[in-house]
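The values are calculated or read from the model by the stated rules, or taken from the named source; none is laboratory data. These numbers come from a predicted model, not from an experiment. Here the Cβ positions follow ideal geometry from the backbone for every residue, glycine too, while neighbour counts run over all protein chains shown.
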Amino acid sequence: MRLLHLAAALALFAVSATPQPGWSRDGAPKDFAVGAQYDTTHVYVAPDEVDKFVESFLSTFGGKSTNQVVVTVTPTPSSTSSQLLLTPAGSVSVFGFKTPIPYPFGHERTGYLVTDLDAAVRSAESAGAALLVKTFPDPIGRDAVVQWPGGINMQLYWHTAKPSYDALTTIPENRVYVPAARASDFVKSFIRFSKGTVVSDNAKAPGIEIGRPNDSYRRVRITSKFGAMTVLITDGVLPYPYGHETTGYEVPNLDNTLTKAKTAGAVVLVQPYVADARRAAVVKFPGGYVAEIHSAAGK
């Protein structure tokens, strides 16, 4: 009888001591990030505006494009042009769909490269994300789409052949707008998955950052191996174009970059302003992509 109890105890210990998928032996979540240069903003533009967007974006930030190909990047039938823009300020995946875009594609803001897709998806689910699109193959690897608390869609991906991109000069920020009721859940879930750190949590951030200069709002900044993230917690009463800018790009000199952007066909939607030790503006590129651009205050 005592031996049976001992066997049962050993079996229970073996189960509890076995790391769960996505977790290490010390109980901490694994870090699946590869690096910020492998995290891309997903930009969807009309096929006849792809070349205009690419030229404008690269003229503004520098860098280069991979060759444009026409492929299927969704788990259901579709066709799109696809190319990757590699700039010192961040990477962009550009899609020009030639067919209707299958749901929910077009709503995922970013793609994060991970070291192990299946384990990363399990880890995201354990952290509170929902699996919106199960893992599926693409021409160069595998993908999945998850949704974080607050309705934030994000694509996780893995490459069959290990990519190698130059490190970024500056790290772009993923700009995430969430309602106050889900903000704590989102921050907790994403930090648990990304092994990130809260850099700042300002309950009275200046409202000029969301187009409401007479108000304040809560802003949380997070950093992880995936890169930077700014969580903008609002009541949803946002003047255009706030909420459309999914990425903020840091540049050495804001005025010089805006001059390049305008020369390349972009439109300045929000003129430069100063807040939180930075100068920032919002621009719209050909094809409709809206981005925040910022530099250190005084530059």
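Suppose we filter the range 248-257 for residues that are under 16 Å from V176 (Cα atoms) and in contact with a Phe, Trp or Tyr (Cβ under 9 Å, 6 or more places away or on another chain); how many remain? Residues that pass the stated criteria total 1. Condition check: out of contact with any Phe, Trp or Tyr (no Cβ under 6 Å at 6 or more places or on another chain), in contact (Cβ under 8 Å) with a residue 40 or more places away in the chain and not in a strand (DSSP E or B). Does T76 satisfy that? No, not satisfied.
Filtering the range 98-109 for residues that are in contact (Cβ under 8 Å) with a residue 12 or more places away in the chain, touching an Asp or Glu at 6+ places or on another chain (Cβ under 9 Å) and of a type outside the set (D, E, K, R) leaves an empty set. Residues in the range 51-74 that are within 14 Å of G90 (Cβ to Cβ), touching a Leu at 6+ places or on another chain (Cβ under 9 Å) and not basic (K, R): F57, L58, T60, F61, G63, S65. Here is a check on your reading of the model: is E125 free of Cβ contacts under 8 Å to residues at least 40 places away in the same chain, under 23 Å from K225 (Cβ atoms) and not hydrophobic (A, V, I, L, M, F, W, C)? In short, yes. Of all residues being touching a strand residue (DSSP E or B) at 6+ places or on another chain (Cβ under 6 Å) and over 24 Å from D255 (Cα atoms) in the range 46-64, which is surrounded by the most Cβ atoms within 10 Å (Cβ to Cβ)? Just the residue, please. Looking at residues that are touching a strand residue (DSSP E or B) at 6+ places or on another chain (Cβ under 6 Å) and over 24 Å from D255 (Cα atoms), I get V50.
The numbered conditions (1) crowded, with 16+ Cβ neighbours inside 10 Å; (2) in contact with a helix residue (DSSP H, G or I) (Cβ under 7 Å, 6 or more places away or on another chain) are all true for N214 except (1). Taking the range 79-98, which residues are within 26 Å of T60 (Cβ to Cβ), assigned to a loop (DSSP other than H, G, I, E, B) and of a type in the set (G, A, S)? Residue satisfying the conditions is A89 alone. Taking the criterion of being surrounded by 15 or more Cβ atoms within 10 Å (Cβ to Cβ) and either within 23 Å of Y44 (Cβ to Cβ) or modelled with pLDDT under 95 (or both), the residues of the range 247-275 that qualify are T247, G248, Y249, A261, A264, G265, A266, L269, V270. Specify the residue that is surrounded by the fewest Cβ atoms within 10 Å (Cβ to Cβ); the eligible residues are those in the range 99-140 that are polar (S, T, N, Q) and assigned to a strand (DSSP E or B). Going through the qualifying residues, I end up with T135.
Enumerate the pairs (first residue in the range 45-73 and under 10 Å from A264 (Cβ atoms); second residue anywhere and part of a helix (DSSP H, G or I)) with beta-carbon separation below 7 Å, excluding pairs fewer than 6 apart on the same chain, so at least 6 apart or on different chains. Qualifying pairs under 7 Å: S59/K260; T60/T257; T60/K260; T60/A261.
Total residues in the range 74-98 satisfying the condition of being surrounded by fewer than 17 Cβ atoms within 10 Å (Cβ to Cβ) and hydroxyl-bearing (S, T, Y): the figure is 2. Across the range 57-66, what is the total count of residues that are within 21 Å of the chain's Cα centre (by Cα) and either assigned to a helix (DSSP H, G or I) or of a type in the set (S, T, N, Q) (or both)? Matching residues across the range 57-66 total 6.
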